[in-house]
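The values are calculated or read from the model by the stated rules, or taken from the named source; none is laboratory data. Predicted model only: the values in this text are computed from it and were never measured. Cβ placement follows ideal geometry from the backbone for every residue including glycine, while neighbour counts extend to all protein chains displayed.
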Amino acid sequence: MEFLKNAWYCAGWDYQISQGKESIVARKIAGKRVVLYRKRNGEVVAMEDQCPHRQAAMSMGRKEGDALRCMYHGLKFEADGRCSEIPGAKDVPDSLCIRVYPAVEKDNWIWVWMGDPAKADPALISAGVGPGDPDYITKPSYVRVNASYLLENANLADLSHLSFTHEGTIGMGRATAQIVPTHRVLPRGIKTDYWTRNVPPPKFVRHLFEPEFRCDANFDITQTYPCTWVMHFRVFTAGTATEGESDGQLVMDSWTSQAVTPRDDRSVDYYYSWGVSRETDFPGMADMLKEGIDAAFLEDKRVLEGQQIRIDENPNFRQMGIGIADAGPARMLRVIDQLIRAERESEQPVARIA
Amino acid sequence: MEFLKNAWYCAGWDYQISQGKESIVARKIAGKRVVLYRKRNGEVVAMEDQCPHRQAAMSMGRKEGDALRCMYHGLKFEADGRCSEIPGAKDVPDSLCIRVYPAVEKDNWIWVWMGDPAKADPALISAGVGPGDPDYITKPSYVRVNASYLLENANLADLSHLSFTHEGTIGMGRATAQIVPTHRVLPRGIKTDYWTRNVPPPKFVRHLFEPEFRCDANFDITQTYPCTWVMHFRVFTAGTATEGESDGQLVMDSWTSQAVTPRDDRSVDYYYSWGVSRETDFPGMADMLKEGIDAAFLEDKRVLEGQQIRIDENPNFRQMGIGIADAGPARMLRVIDQLIRAERESEQPVARIA
Amino acid sequence: MEFLKNAWYCAGWDYQISQGKESIVARKIAGKRVVLYRKRNGEVVAMEDQCPHRQAAMSMGRKEGDALRCMYHGLKFEADGRCSEIPGAKDVPDSLCIRVYPAVEKDNWIWVWMGDPAKADPALISAGVGPGDPDYITKPSYVRVNASYLLENANLADLSHLSFTHEGTIGMGRATAQIVPTHRVLPRGIKTDYWTRNVPPPKFVRHLFEPEFRCDANFDITQTYPCTWVMHFRVFTAGTATEGESDGQLVMDSWTSQAVTPRDDRSVDYYYSWGVSRETDFPGMADMLKEGIDAAFLEDKRVLEGQQIRIDENPNFRQMGIGIADAGPARMLRVIDQLIRAERESEQPVARIA
């Protein structure tokens, strides 16, 4: 599977990489092993997770100041990738260095650029609302899904499955499956704006309301490749407006920010959060949102892993399109495909850092 | 590995598929994933276990009356394979349906036909004596064996291994290994009739008899492809007859009915039972038979899995024939080979249900 | 991966194969499954671990006197590989036999020759100091490492990694990494003699000494392919000599004898011991040495398995040499390569025992 190289990939939550002695974090991102740690000034360093000498794991190494030492034969690498010591040798050849990937933090996520460092523009990272945002009470979470990130993206690009896969958790009844979504194609993603009106609240919060309670809900979603999925999700008491902004009362103003990182062909690391605005929060709310989304993402995990197994077992099976549920995934896959094709065509032999 | 398509395969015991809400059973049969459930009238439905839309697992779906709904995007399939609902769509194209396999129940087993439905003649199912037979007290059981069904068939086609592999359980001493078996070739199997005379009873029941007790035993076996193995097994007190029916006294009249279902190249689901006639039963007898055969089939499992590993590791190893123990397996393999060859030759592009 | 065939491979410690009924030991050596047991006179028999009939595991068989019977169809094989019984058959064809590998015991290790039996000269086994040696108190141990034996050999051919990988266990500070080793190439290995002087004792024994204690240590190592690694290791109080034998006082006189057996491309069985001379022993010493080396070899296991994963994931990665740490491994690999090449060239169709 070919991954986009010139892209920011999420390597986890900021709190997962500390200044602790043992906080040397091993990840797999877009097929490559990457080791992450912090310099003393707090900046995150992302290096190829194999020593250029004999391919021992750098993530089994030792932090020394801002450097990382391989604990097989003791080669020491500075945070810029330069080898500064070969035990027992006087000189270190300039050619002996390790690949360093541009890494930045944004919205409490760690981001790593897997392609040409010259192109690593932090402005390309799509905005999220992280646990550190003062206006929202946000809980971070995580799940590993053993399926292609394309299946995970397709899942995220379609809300109709909320009515079925998530019927008992975050689903809002059958209404969601009826909405004809409008997608706007962005340079690296798609934008979607859904309204669902006069519907019961999602199952996992329904006990908080009277049985006859109905609401309007707005899903304002920005999905960008390779993939973040960020949604401003607002719930109102059911109003009378049939299009545009609801004229009901705002019950919940929330953001859920999600990053899907392909590890390899068949697994993703999925870092996500859901936060509620201080104005519409009440005690226990943020924890309940986390519980609800955790439950829902285990439902997705089960479906996607079952789907992946069947796809792999039946390489010649001809899937059939059905319309509504396919629109988002199809657009998403087209964007991804175009980005990869464009990168492949423009690719010049890039000067490697290492 | 090529499996016979036009054949009935056992998909389990009838009690394994109930009217319960969650009783949606996933199987792998001859390389295909199959989902099974019951209609409200009790009839078993067997469908391809992947949604034609995006290959999600139908076995993660939901029963709705006689239909099964995929819980990814909500497509609903009737028991005949027709899609009756695409959420959010007005029309359902006729081409959108799911493959349904003919399924019947017989002798407390569920049978699924994996080939051309037009040829699915229930008369081709070989008879067994199931747990529901009023004349026999019969306990059903099961084991998964991680080896090819051909190794399992070869094992069943030879009784000589009873003396060794099952020496401590259902074996009856060395006599069994001496018998020159006579096999009669059937259209889809082989029939074997063994007598062993004046031998000690099998190890696992020997404590029930005086040490000097000797018996005559008759193994009347019908093995049919892809495979059932059904034996009428009778034990008499040792008589004086040296051929034909024993003139001793009937001690046990029993039937063991066994179905080996290939899941894929390297594993089988094995559904078996052993029942004793009401006339020769006594309290605890049927449970003891089940214990004995369970123990014996774990012995076979260990041997066959060890054999499979070695065969896979040494693809060029030239096995050597030894005579007696090979006769049954060789005939069995020839029948299977002929059936598969005949099917391959006669095969026309079959109109798929789905 | 091609293994040297005409070589002695270690199949374990002598105490692992007893006269017990169930002491039938299954090993994998250089890609082949081998079964080992003892004859009544104590001699070890090593046979191919698959019955020539249907490839059932001989290691699931039964000892009968000096013979081993396959417990699938009951074929009985004598210790010389001859089949002496086919149940139910009168005659046994001469061609029906099982491959027997030359096996000898030396220094409490069991050795098996995987190639042409005519060339199986026990003099080719390199000497070790086993647990049975009366002059040393020696504890045997074992670890499985899931990496190629070439990585394990390379690890053993370099002492510089002691300073890093084993910093907290058997390492002796940074000094080891500075020594320029001298290697002498043997017909089937390399010999190395290191001195390290005026250094602190290894971490795992440091608590036994005053903080200011310093020592001289001599590593006298003979490594032979496919691989034994035997070291006479002596520690002295720090003396004044700067080359040759230390003029300090002998504190510990020890031998560690290690045998690395490739099981297949990606795993080794590693049988090792470390023993201290009766003269320099004190209560608890030998057990402490075993604890120290066990801990160190788990450190190596972690590093080598991490390295193997990365090598397999990046088949085109170009490793870079660094000098000192590479000298030993490079020589070792050259010897192995030459031995395999020589064997391949000289190879005539060998008359198989079986």
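Annotations
- In the condition set (1) under 24 Å from C:ALA259 (Cβ atoms); (2) without any contact (Cβ under 8 Å) to a residue 12 or more places away in the chain, C:ALA103 is compliant with all but (2).
- The lone exception for B:ASN146 - which of (1) touching a residue at least 60 places away in the same chain (Cβ under 8 Å); (2) farther than 21 Å from C:ALA57 by Cβ it fails: (2)
- C:SER160 crowded, with 21+ Cβ neighbours inside 10 Å, over 21 Å from C:MET288 (Cα atoms), of a type in the set (Gly, Ala, Ser) and touching a Pro at 6+ places or on another chain (Cβ under 7 Å): yes
- Test for A:VAL45: is it outside any loop (DSSP other than H, G, I, E, B), modelled with pLDDT of 95 or more and touching a helix residue (DSSP H, G or I) at 6+ places or on another chain (Cβ under 9 Å): no
- Residues being in a helix (DSSP H, G or I), of a type in the set (A, V, I, L, M, F, W, C) and away from every other protein chain (no Cβ under 14 Å) - total across segment C:271-309: 7
- Checking A:CYS70 against (1) outside the structural domain of A:SER84 (by TED's automatic domain parsing); (2) within 22 Å of C:PHE164 (Cβ to Cβ), the condition it does not meet: (1)
- Counting the residues of segment A:245-255 that are more than 13 Å from A:ALA217 (Cβ to Cβ) and touching a residue at least 40 places away in the same chain (Cβ under 8 Å) gives 1.
- Filtering segment B:59-79 to residues that are hydroxyl-bearing (Ser, Thr, Tyr) and more than 7 Å from chain A (Cβ to nearest Cβ) leaves only B:SER59.
- Of all residues in segment A:259-280, those satisfying the criterion of being in contact with a Ser or Thr (Cβ under 9 Å, 6 or more places away or on another chain) and under 23 Å from A:ASP216 (Cβ atoms) are A:TRP274, A:GLY275, A:VAL276, A:SER277, A:THR280.
- Condition met for C:THR138 (outside any loop (DSSP other than H, G, I, E, B), of a type in the set (Val, Ile, Thr), within 29 Å of C:ALA217 (Cβ to Cβ) and within 14 Å of another protein chain (Cβ to nearest Cβ)): no
- Restricting segment A:310-325 to residues that are at the interface with chain B (Cβ under 8 Å from one of its Cβ atoms) and outside any loop (DSSP other than H, G, I, E, B), the residue that is modelled with the lowest pLDDT: A:ILE324
- Within segment A:234-275, being under 21 Å from A:GLY306 (Cβ atoms) and of a type in the set (Asp, Glu) holds for A:ASP264, A:ASP265, A:ASP269.
- Inside segment A:48-66, residues that are closer than 25 Å to A:ASN108 by Cβ and part of a loop (DSSP other than H, G, I, E, B) make up a count of 2.
- Filter result (without any contact (Cβ under 8 Å) to a residue 40 or more places away in the chain and over 22 Å from the mean Cα position of the chain (by Cα)) within segment B:313-340: B:GLU313, B:ASN314, B:PRO315, B:ASN316, B:PHE317, B:ARG318, B:GLN319, B:MET320, B:GLY321, B:ILE322, B:GLY323
- Whichever residue in segment A:63-80 is closer than 20 Å to C:GLY306 by Cβ and out of contact with any helix residue (DSSP H, G or I) (no Cβ under 7 Å at 6 or more places or on another chain) and, among such residues, is surrounded by the most Cβ atoms within 10 Å (Cβ to Cβ): A:LEU75
- Residues in segment B:141-157 that are surrounded by fewer than 17 Cβ atoms within 10 Å (Cβ to Cβ) and not in a strand (DSSP E or B): B:ASN146 alone.
- Residue pairs meeting the criteria (Cβ under 7 Å; at least 6 apart or on separate chains; first part of a strand (DSSP E or B), in segment C:14-33; second surrounded by fewer than 19 Cβ atoms within 10 Å (Cβ to Cβ)): C:VAL25/C:GLN16; C:LYS28/C:ASP264; C:ARG33/C:ALA26
- Within segment B:1-13, the set of residues being of a type outside the set (Lys, Arg) and either more than 29 Å from B:VAL230 (Cα to Cα) or part of a loop (DSSP other than H, G, I, E, B) (or both) comprises B:MET1, B:GLU2, B:PHE3, B:LEU4, B:ASN6, B:ALA7.
- Verdict on C:ILE98 being within 14 Å of chain B (Cβ to nearest Cβ), free of Cβ contacts under 8 Å to residues at least 40 places away in the same chain and surrounded by 21 or more Cβ atoms within 10 Å (Cβ to Cβ): no
- In summary, C:ILE86 fulfils each of the numbered conditions (1) touching a residue at least 24 places away in the same chain (Cβ under 8 Å); (2) buried (at least 17 other Cβ atoms within 10 Å of the Cβ) with the single exception of condition (1).
- The listed residue being closer than 20 Å to B:LEU339 by Cβ and more than 16 Å from the chain's Cα centre (by Cα), out of B:VAL276, B:VAL185: B:VAL185
- Breaking point among (1) in contact with a Ser or Thr (Cβ under 8 Å, 6 or more places away or on another chain); (2) under 19 Å from A:PHE164 (Cβ atoms); (3) more than 11 Å from every other protein chain (Cβ to nearest Cβ), for B:CYS10: (2)
- Extreme residue, farthest from C:ALA327 (Cα to Cα), among residues of segment A:28-58 that are of a type in the set (D, E, K, R), in contact with an Asp or Glu (Cβ under 9 Å, 6 or more places away or on another chain) and within 14 Å of chain C (Cβ to nearest Cβ): A:LYS28
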